[in-house]
1. Write out, first by first residue and then by second, each pair whose Cβ atoms fall under 8 Å of each other, whose residues are 6+ apart or on separate chains, and whose first residue, in the range 115-127, is outside the structural domain of I32 (by TED's automatic domain parsing) and in contact (Cβ under 8 Å) with a residue 24 or more places away in the chain while the second is of a type in the set (D, E, K, R) and part of a strand (DSSP E or B).
2. With the range 1-91 as the region, which helices (runs of 4 or more DSSP H) entirely inside it contain at least 1 residues that are at pLDDT below 85 and in contact with a helix residue (DSSP H, G or I) (Cβ under 6 Å, 6 or more places away or on another chain)?
3. Somewhere in the range 153-163, is a residue among the charged types (D, E, K, R), touching a residue at least 40 places away in the same chain (Cβ under 8 Å) and assigned to a helix (DSSP H, G or I)?
4. Quick one: is F256 over 21 Å from L314 (Cβ atoms) and assigned to a helix (DSSP H, G or I)?
5. Inspect the range 277-300 for any residue being of a type in the set (A, V, I, L, M), under 14 Å from F230 (Cα atoms), over 22 Å from the mean Cα position of the chain (by Cα) and in a helix (DSSP H, G or I) and give the result as yes or no.
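The values are calculated or read from the model by the stated rules, or taken from the named source; none is laboratory data. Source: prediction; values computed, not measured. Quick reminder, even Gly has a Cβ in these numbers, built from the backbone with ideal geometry, and neighbours come from all protein chains shown.
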Amino acid sequence: MSKQAVLIATARVHPGSEEAFAAWQARYSSVISKFPGFISTDMVPPPGGKPKEPWTIIVTFDSGEALSAWQRSPERGAILGEGVPLVAGGHFGETVSTDGTGSVPGADVTEVIFSKVKHGMSNRYRDWAARIQAAQAKYPGYRGMYLQPPVGGNEGHWTSILRYDSAEHLEAWMNAPERKELLAETKDFIESEELMRLATAFPGWVPIDPMTGEGPPNWKAAMLVTLGLFPIVMLEMKFLSPILAGWNIHASLGTFISNVISVGLTSFLTMPWFVRSFGWWLFPKGPKASALTARGVWILCALFAVEVIVLWKLLPW
């Protein structure tokens, strides 16, 4: 079974050419989405809109052969030729991964849109998607759009994952008159549409699967959170609680201080490390997904036992 291939391209845009580059990216997305083996594309502007930082284009194909065919194609040569005058140095930096682990940069707020396109209207939808992408890229806080056609053909639901840096900026675009005008066109080619504001039981602590726009199962997230939170709480009970008690701090304030420290350490210390270490378990792929899930559960249970035993020995009461 062929592994997916991911192409990550970066480019520094000439100052003042950002809008033209965003429009070019929309055309690029429309062209590549019609190419055999294409799975998805993700366009990510520089973090915080910093003009000297590169834009990133992440493209996924169903195999290395399909990606190589795209790289050699005249379609790619033509569309890149349109974009070259807009980028510094006149070239795109590219990295190819064929292990299926290409990642999509995260974002603060995400809207997932499932669009059921009418039969025979896929090309019209692609053209419209390119125009709405160019429009939303001009709004403050835009962090990128991920577009995935239906798996296995032109029928089914298209998935769009729209990212902004804050809920306010996302709402500004969702309620924009320009967006309403564009949506008015879709009644001719979109049969139905569902919107979902992305959320998990542990927002900010676990990533999303860029292929589905969904977080991992809540029970998996809960296991990782417990693994990282338990030793922090135990150490606080042993060392922090006596200090707070000695200061004669009220229980409510002491608990608040303890919780702030626990959440901070979990958010910025333990969870980032555990998410990187157990990424293979959070989103297992392929025929061995069930086996990988079971293996991860056994490993985590063993780590729980180690934590309990070690803390039992180190922190006797």
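1. S115/E193; K116/E191; K116/E193; V117/E191; K118/E191
2. Details: elements: 18-32, 64-72, 74-83.
In the range 1-91, the matching helices (runs of 4 or more DSSP H) lie at 18-32, 74-83.
3. Narrowing the range 153-163 to residues among the charged types (D, E, K, R): 155, 163.
Still in the list and also touching a residue at least 40 places away in the same chain (Cβ under 8 Å): 163.
If we keep only those that are assigned to a helix (DSSP H, G or I) as well, we get none.
No, the range 153-163 has no match at all.
4. Values: over 21 Å from L314 (Cβ atoms): yes; assigned to a helix (DSSP H, G or I): yes.
The answer is yes for F256.
5. Filtering the range 277-300 down to residues of a type in the set (A, V, I, L, M) leaves 282, 289, 291-292, 294, 297, 299-300.
Okay, now just the ones that are also under 14 Å from F230 (Cα atoms), so 300.
Then keep just the ones that are over 22 Å from the mean Cα position of the chain (by Cα); that gives 300.
After this cut, where a residue has to be in a helix (DSSP H, G or I) as well, the list is 300.
Scanning the range 277-300, I find at least one residue that is of a type in the set (A, V, I, L, M), under 14 Å from F230 (Cα atoms), over 22 Å from the mean Cα position of the chain (by Cα) and in a helix (DSSP H, G or I), so the answer is yes.
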